[in-house]
Structures are given as structure tokens and as C-alpha cells.
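Notes for the one structure printed next.
Quick note: the coordinates plus some simple rules give every number you see, no bench work behind them. Since this is a predicted model, take the numbers as computed values, not measurements. Reconstructed Cβ throughout: ideal geometry from the backbone, glycine too, with neighbour counts over all protein chains shown.
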Amino acid sequence: MLRTFLNRKAQPGKWTPTAQRSRAGGSFPGPLSPEKRMITNSELAGLNEADLHHSLCVANLDGARRLCNDMIDGTFSASFSHASVVMSLLHHGIELFLKYAISRSGKKVPNHHYIRGLLADFNAAYPSDKHSLELPFITQFLGFSEDEIKELIKEEQHDKNWTDQMARYHIDRSGSPWEGIQAFSPTSFLEEIEALLSRLTAVKAEIEKEHERTAG
């Protein structure tokens with residue numbers, strides 16, 4: 001069960017999270033065995049916005065990779081609903097990586113989930129080829145003219161979060177099932193996750209080098 005605890009410090013009006021005492025007032029027992037120990041959010045204390053985004057990015061991508069592996073070996077159900085969870089984790093991980101990078105560049109982080117828009121902000125902050133990314137969840141318009149593509153992207157921007165919502169819900173905002181046939185191959189998807197993880201690790205290293213140079 002997830003519980004949130006608040007501990008009011010001496011400073012008026014300031015609240016900080018804590019996991020020191022239970023709702024009934026008793027102290028948590030300890031130390032606990034690894035499988036029973038309480039996991040707190042203390043690892044996040046003192047992290048800046050960029051590092052907070054990246055911490056959760058890594059957790060989401062690790063989760064997507066783990067569940068894909070589990071689906072392949074049969075310990076995670078191979079249903080489309082379960083596959084949607086894997087896709088949602090990957091989508092969120094990518095979103096958080098882009099927000100980490102935008103924040104690290106010193107720019108304001110958008111509050112939407114639109115991967116195409118976030119990637120455009122990322123490319124503006126990091127135009128070099130060494131930072132280039134090819135990401136899923138961006139519709140590729142094949143066989144259309146440039147003017148037609150511009151119009152299609154305008155239509156897409158009316159609901160910027162649809163790719164995020166598509167992985168999280170089986171129906172759209174109007175209550176209708178998503179159009180088209182959807183399919184998922186855990187083996188192919190795992191290969192894409194592994195390749196993406198490798199690329200994101202390399203890009204992060206370049207971003208951190210650049211940040212150290214400018215900060216110094």
C-alpha cells in the first residue's frame with residue numbers, strides 16, 4: 001500500500017515528506033529484510049529539476065525493459081492490455097528524458113506529453129548531430145506533400161497528448177475505441193528499448209559534458 005506522510009518542521013508553513021511514523025503514531029520497525037523494507041523518497045532529496053526528471057526516466061525505461069523480458073519468458077501476461085503498460089512506460093521514459101535535457105539546458109520545461117513538441121524543444125537546445133535522436137511515438141507521414149504534412153501536424157496538435165493517452169486507455173476522450181489495428185511484438189519492442197537506452201546513455205553523457213563546460 002502506498003502511504004504519504006507529512007512531517008511539519010519548526011519553520012511555519014513548511015512541510016516535508018517523511019516516513020518516520022505510521023498513521024497510528026507508532027514507529028516503523030527496523031531493520032527489515034530486503035523484501036519487506038520500507039522504500040522512501042529520500043533518494044530524491046536535494047535533486048534539481050533535471051535530475052528528478054532523469055531519475056524517473058531511468059525507472060520507467062528499466063520497467064519497460066523488465067516487463068518486456070518477463071513477457072517473453074512467460075512471467076508477465078502476453079495480452080495487449082499488458083503490452084499497453086510496457087508502451088506507456090516507454091513513452092513516459094522518453095518524455096522524461098527530453099524534459100531532463102531541456103531543463104539541463106536552462107530552458108523552461110513544457111508541461112505537456114507531446115513527444116514531437118518536446119523533441120523540437122530538445123533539438124533547439126541541442127542542435128549538434130552528437131545529440132540527435134530518433135524516437136518512437138512520432139507519426140511519420142509518408143507520401144504526403146510538405147503542405148499536407150504541415151496541415152496534418154496542425155491537426156495532431158489539437159490533441160497533443162494522444163500518443164500518451166493511447167497507451168494508457170483503450171478509448172479516446174470521446175469514449176470511442178482508437179482507430180486502426182494495433183499490434184505489439186515483445187521481442188522487437190525489447191530490441192528497440194535496448195537500442196534506445198544505449199543512445200540515450202550516450203546523449204546524456206554529451207549533455208553532462210556540455211553542462212560542466214558551461215557551468216565551469
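For the reader, a short list of remarks on this structure follows.
- Euclidean distance of C-alpha centroids, the stretch 84-148 and the stretch 156-216, integer Å: 8 Å
- Length added when fully stretched, His82-Glu148, from 0.36 nm per residue minus Cα-Cα: 20.2 nm
- Here the label points at Thr187 and His211, each 7 Å from Cα along the C-beta direction, are separated by 3.9 nm in the simple model.
- Neighbour-limited loop hits for trypsin sites (Lys or Arg not before Pro), the stretch 103-212 (at most 13 other Cβ within 10 Å; DSSP other than H, G, I, E, B): Lys107, Lys108, Arg173
- A full extension of the chain between Ile39 and Arg173 corresponds to an added length of 44.7 nm, given 0.36 nm per residue minus the alpha carbon distance.
- Qualifying GluC sites (Glu not before Pro) in the stretch 119-174, where qualification requires a DSSP coil assignment and no more than 15 other C-beta atoms within 10 Å, comprise Glu134.
- Debye-formula intensities of the stretch 115-216, expressed as log10 I(q)/I(0) at q = 0.11 Å⁻¹, are -0.50 (one equal scatterer per alpha-carbon, no solvent).
- Cα lying deepest toward the dipole's positive end in the stretch 63-113, options Val86, Pro110, Leu96, charges on Cβ: Pro110
- Per DSSP, loop chymotrypsin sites (Phe, Trp or Tyr not before Pro) in the stretch 158-208 with at most 14 further Cβ within 10 Å: Tyr169, Trp178
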